[in-house]
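Take a look at the structure below.
A short reminder: the numbers here are calculations on the coordinates, not readings from a lab. For clarity, every value in this text was computed on a predicted model and none was experimentally measured. Here the Cβ is made from the backbone with ideal geometry for all residues, glycine too, and neighbour counts use every protein chain on show.
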Amino acid sequence: ARAALAASAGGPGRTADGTAVQLLANVGTLEDADRAAALDVEGVGLFRTEVLFLDRAGAPSLAEQTDAYAWVFTAFGDRKVVVRTLDAGADKPLAFVEVAAEENPALGVRGLRTSRRHPELLTTQLAALAAAAERTGTHPWVMAPMVSTPAEAAQFAAQARAAGLPTVGAMVEVPAAALRARQLVAAGLDFVSIGTNDLTQYAMAADRLEGDLADLLDPWQPAVLQLVQATGTVEVPVGVCGEAARDPLLALVLVGLGVRSLSMAAAAVPAVRFALSRTDLGTCVEMAGAALAADSPQDARRAAARSADADV
Ligand code: PEP
Ligand code: MG
């Protein structure tokens, strides 16, 4: 009954023993943002800005982008908003960005790499984000997708700060970034956010668009959890914004690996809040240890569930 009460109470995410775990929404369109803002979420953990760029002949103008970002910042007011800069390429192709057909788009010029060929896209976007923040008096967090090296992190952080955006992070979705998360952060990041969709794709060398490989594309794969663990050791806030965050049992494992914010489709938040509210941090750590010791995603899930039940 106490647990049910905690769930119906809503509010900020916390473990049974009081460790704060922010519960955030993933949004793409402005309608998404409006819908999520009306719900009991602590903010936005992933604003997929590329949605504004899809199905168009050219990039939206500075003014158009500024209006769109200001709309989202206003909708969330004082709540946290983490904006991801343009993530084009591979599963998110943009007509005006694709110059040549790539043999392996998932390994090609995508995410932050797009700014190598089109620096003006990132420059304009950062300027629009800074203008929207100023217009609305808000402080968005800004992160880049598909960061692979500390040099890329340093370059992005410098550019974002120069544009007037002081809180800068990177997505961790390439195994190299997970293994070198400390060095990435030391390059000048204020936070990191793990994208488990791409991190799983790259760790398992399995195309995320290939349905036949669903068994490999499982975020319960112990190798993926080990990369989350490596990332979870950094001193700055660590979040997860991939689909893994919406699985209540896996969310507990992620918290046990050091993750302190979970971003997901807003509708999934209550179930994750409930799971957190009835589990101590120590149990999350035990669940994570049990999952890491497993040899398959099925065994990892079973081991985590057993650890959870042993402590309820
Ligand atoms: C991810 O890769 O996990 C992620 C959150 O980004 P997207 O799914 O948009 O690539
Ligand atoms: Mg991704």
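Remark: S277, S307 ranked as S277, S307, counting other beta-carbon atoms within 10 Å and listing the fewest first. Summary value for the stretch 151-258: 27 percent relative contact order, contacts being C-alpha pairs under 8 angstrom separated by 6+ residues. The stretch 92-168 and the stretch 263-296 have Cα centres separated by 31 Å. The ranking of D215, D32 by Cβ neighbour count inside 10 Å, starting from the fewest, reads D215, D32. For the stretch 48-68, there are no residues whose amide N sits under 16 Å from a probe point set 7 Å from the Cα of A101 along the beta carbon direction.
Here the label points at A205 and T123, each 7 Å from Cα along the C-beta direction, are separated by 3.9 nm in the simple model. Build a GNM of the chain with springs between Cα atoms under 10 Å apart, and of A162, A203, A100 the one that fluctuates most is A100. Qualifying trypsin sites (Lys or Arg not before Pro) in the stretch 37-135, where qualification requires a DSSP coil assignment and no more than 12 other C-beta atoms within 10 Å, comprise R56. Expressed as a fraction of 2.2 N^0.38 Å, the value expected for a compact globular protein of N residues, the C-alpha radius of gyration of the chain is 0.97. Here is how the number arises for the chain: DSSP H runs of 4 or more residues each give -39500 (n - 2.57), the sum is divided by the residue count, and the result at 222 nm is -13500 deg cm²/dmol. Please identify every one of the GluC sites (Glu not before Pro) in the stretch 100-132 that sits in a loop by DSSP and has no more than 11 other beta carbons within 10 Å of its own beta carbon. Filter output for the stretch 100-132: E103.
By the count of other C-beta atoms within 10 Å, a proxy for reagent exposure, F73, F96, F47 are ordered fewest to most as F96, F73, F47.
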